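What follows is one structure encoded as structure tokens, with my remarks underneath.
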Amino acid sequence: MIGLLAHTPDDLAAGNFSHSVSWSAIAPALILMLGGILLLVIVSVFRGKLSSGFFTAWTVIVAGGAIAAAIPLWHDVQEDGARSEMAGSVGLDGFSLFVTGVICISVIFAALFLDGYLRREKLEGPEWYVLLLLSAAGGVTMASANDLLVLFVGLEILSIAVYILAAMHSRRVTSQEAGLKYFVLGAFSSAFLLYGIAFVYGGTGTTNLVSINIFLADNVITQNGLLLAGLALLLVGFGFKIAAVPFHLWTPDVYQGAPTPVVTYMAGGVKVAAFAGMIRVFVVTFGPTYVNEWRPMVYALAVLSLVVGALMAIVQTNVKRMLAFSSISHAGFILLGVLASSDQGTAAALFYLLVYTFMVAGSFGVATLIGRTGDGRQNLGDYRGLGRSRPGLALTFTVFLLAQAGVPLTGGFMAKLYVIGAIVESGMTVLALIAMLSAVISAFLYLRIVVSMYFEASTDSADSEEPAELSGPPVRIPKLAGLALGLALVAVLALGIVPGPATRVAGDATAELVPEVEVPQ
Amino acid sequence: MGTSSILASVASAADTSGYAAIIPALILIPFVGAGVIALIPRRRVELFRGVALMISTATAAVAVFAMVQFDRHDAGYQFVVRRDWISDLGISWHFGIDGISLFLVVLTGIIFPIAILATKAEHDPKPYYAWLMVLMAGSMGVFTALDLVVFFVFFEIVLVPMYFLIGFWGHGQRIYAATKFFLYTMFGSAFMLVALVSLAVLQQKAVGGPLTFDIVDITNNLAVSTNAQRLVFVGFAIAFAVKVPLFPLHTWLPDAHTNAPTAGSVILAAVMLKLGTYGFIRLGVQMLPEPSVWAAPVLMTLGVIGIIYGAIVATMQTDLKRLVAYSSVAHLGFVVLGIFSLTVQGIEGGVLIMVNHGIITGSLFLLVGMIYERRHTREISELSGLQKVAPIMAGVFTLVMLASVGLPGLSGFPGEFLALLGAFAGARWWGVVATTGVILAALYLLWAYQRVFHGPTTGKNTLMRDMTPSEFLVMLPLLALIVLLGIFPKPMLDRIEPSVEAIIHHVEVSVDGFTSAEPETDPVATDHGDSEEHAEEVDR
């Protein structure tokens, strides 16, 4: 099958060639996948003898190992340039490795939050972690795909695991509902994507991104209706995964219903992978030749996501729904980086995704803790008085919220600054203004949560210090969740105060399409 | 672009590098201080106020030291520091103080300790004083920043502490007021961020070379097309107009002021409103001269509307604190009028009002706070005859009120006079209309004073305590400044003038066919000796 995918007409004409399988090039994805499978094996061997802490540690170590495996590859790529591996189906470049790192970070956060969550909900088991690792393997595959079909396979591995994860809270009907909804709509969007791939194949004669890129550079297609339809369908497919308006309708329901630690991964890692795939296809492959065709469509998606996400967010009363809509608005911001269709735009989008992963992990992490047993206390009123009863947690959440609003000295501001810079550089100043104004609307939503945590419980006069208690059982912060929140907090602040190192790495993480070097026999 | 004196003075800035620690100290002392306060255990309630006072006084001492060390013959930036921040975007921690920012820095330094000394946190002292320190650091940052992004960072960061001060320690509709304040300012900032990024990108495209957000660099080498400059200016102007606030973007101000705790109101009026007018000078007139000339009539009109409208609405208020809040709208209108008269006198007057309004209105808010503390009401109709029971307070109030009205001999007068003088020279009819605002100011303040302090002492008013000696002592520095700066503004003017002249010169060189108007007799010129004039010319 790989032969069918990878060979350009030139290859076929040349006849003599072979492909060396470079396992090291796909080491991060392999580690994640084998880590997941191995965990399953270990569990079946030592049945019942393993504590759930082991699963968490295993997941964190595997994800950390994937990051560690990516680092030497990163240095290779920076020194020797990007390359294609595995018969031209895997692109090894700074971009894919950066995204790999971000996805693994998201996995680590999800695992740390899952630990306490599963104990609290009495749902301990290895399946969560196995699915998480497999899903991440799919995400990494997707980010480094140099072939539309590999991309699709990655997307399916990524998604199917997450469909199950969304429905894993067996006692909550909303969780089942979320899983089903996510599955039906997700499968629907996969169909769109696959249909789009077929059309693009029809239009260009290949599914290999490198070959498409070369083909379009060399040939002008006079009848490009098929290709354009393919592009539009691909956009629909990606639009679902990144939750861009008008393909966002599943998001609030699924985020609300799914187990909250899973949402940290869904809103983080899954979105990162989907954006990576989108950038690979639209910016890198079709960017040089078809940017004027896809830009208006993405422009519309961006504007709608920004505005609708912000406006819908402020009328919600459920915090998880609020955060869901705000993540839609963030998707709009990241789309700006895509729209710029330049190296700067890609770097800005990557930096935004990095910051966003920390912000979203932190925010949903707090929501995990506030949800308390049953994961159901997610209304605005459930946050009332948190500033008094849990000042540290409230302050941490405030930082995440202000970061999402784009207040300076947090990573959120820097991310917005970079994206705005890239979009202005591309001459779309009006869009930049729309984005910033939508951020003002979103700010209202974040302030509502802050108001609920601090102001509504405080009293006007000095002496009547009635401690406004949280309703329901007390909020407990498991050690690992506390650690994760601390890490996210440090990261969000550090990315805002000293963004230099991260932005330089994001700037080096350029996506490139390089044909595979053939080894003649 | 002519080589204006600003360029020359940047080179000469190296001479004062011995004091390079001044500006970092101004920002970092309160910022680190906030961290220190956050580390003190919550139950040590008695410590917080004292520690905050120490930190803010130390910062004030540095600010005063900067004033003493300030070379008044140098029109450019002094105590300049520059460190790379985000090198790939050309953003650097670039700070400096010139004659325009000098007194705003000193004002910030003085107001904070006084506000802390004069008021107490009603509850939760720890976060209260920590936020105040963050606010102080942020304000210092805005007044000294010489990089667009750094300016924006500080301009935005002050929002957060103020939001919490109003929302958590405020009264009445505090949540509404705090949210409105935050969103209004953020609305303006959205325009500013896009404007400043566009400016840097366009500048890079025009002159080539690396991207830079450096204010001095952009000011001296501005090469962006006129139309783009104007759009960028509009972006900045919206942000500053919200902050000033200019009509019709002023509606957050009365709510924020009325519901804020006393210290919050004092700082809001004294320091935070100046961020906008300061921005108009630094990023408006100085950095974008052509659009400033272009937009001057509109902005002056809005300033004049603010003067008249603020005064009329203030007259109608039944709440004493709201009345003072609206008087700020009027006063800041004079500042904008002065700045956009684009004359030396006008801008000097604007800067003078900025500082003196801080002192005067800050004092007024402190006084209103004292009345509220005693009577638990700010309704003018419920207060009467306070003069009989509180003669000292009445006396202090009279002095401050007369200064606010602009009585010659008190500090409100010189700035307002110069601003109007500049307006008469630069834009006569605006000046004429604005002058009626002076009369209206006398109307609303005197009337309010009459209703509150005169008349029969009725009901609970008979029980009101007078000012305590300690309260009087806290107010004393402000009162002394009101008298001193009213009689003898020369030391201030001497330091402001070179920078303002440099700006006007820069505008004249940059804008074809623009010559700044000068009044027929220049009262400021007679204020200082010939030697300084020569020093100025050599500098050019």
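Please treat every number below as a calculation from the coordinates, not as lab data. Only a predicted model underlies this, so the values are computations on that prediction, with no experimental measurement involved. In this analysis, Cβ positions are derived from the backbone assuming ideal geometry, glycine residues included, and neighbour counts consider all displayed protein chains.
In debye, nearest 20, what is the charge dipole magnitude of chain B about its Cα centre with +1 on Lys and Arg Cβ and -1 on Asp and Glu Cβ, if you could check?
Computed about the Cα centre, the dipole is about 2540 debye.
Please give, to one decimal in nm, the separation of the simple spin-label points placed at A:V315 and A:V184, each 7 Å out from Cα toward the Cβ.
Here the modelled spin labels are 2.3 nm apart.
Taking only DSSP H segments of four or more residues, each worth -39500 (n - 2.57), what value at 222 nm results for chain B once the sum is divided by all its residues, to the nearest 500 deg cm²/dmol?
-23500 deg cm²/dmol
Which value, in debye to the nearest 20, describes the size of the charge dipole of segment B:307-426 about its Cα centre when Lys and Arg Cβ atoms bear +1, Asp and Glu Cβ atoms bear -1, and nothing else is charged?
260 debye
Return one number: the angle in degrees, 0 to 90 and rounded to the nearest 10, between the long axis of the Cα atoms of helix B:174-207 and the longest principal axis of the Cα atoms of chain B.
Orientation of helix B:174-207: about 10 degrees from the principal axis.
Please name whichever of B:M316, B:S198, B:S292 sits farthest to the positive end of the charge dipole of chain B, dipole taken about the Cα centre and charges placed at Cβ: Lys and Arg +1, Asp and Glu -1.
Most positive-ward Cα: B:M316.
Using mean Cβ contacts within 10 Å as the protection proxy, how do B:153-159, B:417-423 order, highest first?
With the highest mean Cβ count within 10 Å placed first, the list reads B:417-423, B:153-159.
What is the local net charge at B:R82, summed over the other residues whose Cβ is closer than 10 Å to its Cβ (Lys, Arg +1; Asp, Glu -1)?
-2
Using 1/(1 + (r/R0)^6) with R0 = 30 angstrom and r between the beta carbons of A:T373 and A:L395, what's the FRET efficiency to the nearest 0.05?
0.80
Taking the Cα centroid of segment B:341-370 and of segment A:253-295, what is the distance between the two, rounded to the nearest whole Å?
One Cα centre to the other: 52 Å.
Just name one of B:L302, B:I392, B:Y372: the one whose Cα is farthest towards the positive end of the charge dipole of the protein assembly as shown (beta-carbon charges, Lys/Arg +1, Asp/Glu -1).
B:Y372
Quick one: which residues, 5+ away or cross-chain, put their amide H under 5 Å from the amide H of B:Q78? H built at 1.01 Å from N.
When sequence neighbours closer than 5 places are left aside, the close amide H contacts are B:I97, B:D98.
Counting Lys and Arg as +1 and Asp and Glu as -1, what is the net charge of the other residues whose Cβ lies under 11 Å from the Cβ of B:A145?
-1
Any idea how far the Cα center of segment A:175-246 sits from the one of segment A:384-424, in Å?
That distance is 34 Å.
Can you find, among B:S510, B:H257, A:T410, the residue sitting farthest towards the positive end of the charge dipole of the protein assembly as shown, where Lys and Arg contribute +1 and Asp and Glu -1 at Cβ?
Towards the positive end, the residue furthest out is B:H257.
What angle do you read, to the nearest 10 degrees and between 0 and 90, between the alpha-carbon axis of helix A:127-143 and the longest principal axis of chain A?
It is inclined by approximately 40 degrees.
Mind pulling the angle between the C-alpha long axis of helix B:344-375 and the longest principal axis of chain B? Nearest 10 degrees, somewhere in 0 to 90.
20 degrees
Counting other C-beta atoms within 10 Å, which of A:Y255, A:Y163, B:Y449 has the fewest, and how do the rest follow?
B:Y449, A:Y163, A:Y255
Which of B:K120/B:K388; A:K271/A:K416; A:K181/A:K271; A:K479/B:K126; B:K274/B:K490 have a Cα-Cα distance over 19 Å?
Exceeds cut-off: B:K120/B:K388; A:K479/B:K126; B:K274/B:K490.
What number, in percent, do you get for the relative contact order of segment B:295-534 if the mean sequence gap of Cα pairs under 8 Å and at least 6 apart is divided by its residue count?
With pairs under 8 Å counted, the relative contact order is 26 percent.
Given charges of +1 on the Cβ of Lys and Arg and -1 on the Cβ of Asp and Glu, with all other atoms neutral, how large is the dipole of the protein assembly as shown about its Cα centre, in debye to the nearest 20?
About 4100 debye.
Measuring from a point 7 Å past the Cα of B:L473 along Cα-to-C-beta, which residues in segment B:356-377 have an amide N at less than 11 Å?
Counting only backbone N, you get no residues.
Applying a 10 Å radius around every beta-carbon, put A:352-363, B:124-135, A:310-321, B:74-85 in order of their mean neighbour count, most first.
A:352-363, B:124-135, B:74-85, A:310-321
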